[in-house]
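Asker: First the structure, then my questions, so here it is.
Please treat every number below as a calculation from the coordinates, not as lab data. These figures come from a predicted structure and were not determined experimentally. As a convention, Cβ positions derive from the backbone with ideal geometry for all residues, glycine included, and neighbour counts pool all protein chains shown.
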């Protein structure tokens, strides 16, 4: 064996390199070189930690940059985009409680994109709250809740056969009607609202509490389900601001009922905080 090693120094050198665990050999391994099931697992992990903001503002804004992997190659775009849209947190900012830009933006999406978003369980409407809601903003919120209400298809008499009969100025936009939304808030109080002296967290809590108190006063046929979802989500966000643990579904439901039945709370806010005009 010794003679063989001496006669074949090249072979011996190669053998020692492959045997040494610390040696790094050149590799052509890449993400696209992995089996499809492993690539999908990686895509899902990345998508779950990604937040995408969908434009819906009145003013024109810069086009958001797409997620990096979508720019690598056509194959990766084809593979990753459906998983990204179905699993990432998709956030739509709502200004002045006006949901028309969001409805129009969703309705303008391609059919395949809308189909992928429809399975996303993290589609979120983020309500911008710089101050207590005005009368016109509450009317816009009422229109949105009515728009989201299921309605009986004409001539069928069957509530399960839903058609979009959109009230007010929201128009007939079936795309946004069919999606499932969660709600959160972006609260950046103006100087006039906060007075410049109040603790920012307290001001945010008061603004959010104000909205939570007025939502039960919005009435309309079939809006109970969407109104409940909005109140549950916003109450959870309020707990998050206060550093409280998330309530169980049962306790959360009980709290929503309590808020809806607390008619004195709104009057207290009206007198002690900024005035709110309701219809």
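Asker: Please sort 116-126, 209-219 by packing, taking for each peptide the average over its residues of neighbouring beta carbons within 10 angstrom, highest first.
Answerer: Descending packing order for the listed peptides: 209-219, 116-126.
Asker: Here is a further query. Multiply the residue gap between residue 244 and residue 188 by 0.36 nm, knock off their C-alpha separation, and tell me the result in nm, one decimal place.
Answerer: Residue separation times 0.36 nm, minus the Cα-Cα distance, leaves 18.1 nm.
Asker: Kindly rank 38-50, 133-145 from highest to lowest mean number of other beta carbons found within 10 Å of each residue.
Answerer: Most protected by this proxy first, the peptides run 133-145, 38-50.
Asker: Let me ask something else about it. Estimate the FRET efficiency between residue 229 and residue 128 by the formula 1/(1 + (r/R0)^6), using the beta-carbon distance for r and 22 Å for R0, to the nearest 0.05.
Answerer: 0.70
Asker: Same structure, new question: Quick one: order 177, 147 by neighbouring beta-carbon count within 10 Å, fewest to most.
Answerer: The most exposed by this proxy come first: 177, 147.
Asker: Using a Förster distance of 45 angstrom, determine the FRET efficiency expected from the C-beta separation of residue 111 and residue 202, and round it to 0.05.
Answerer: 0.45
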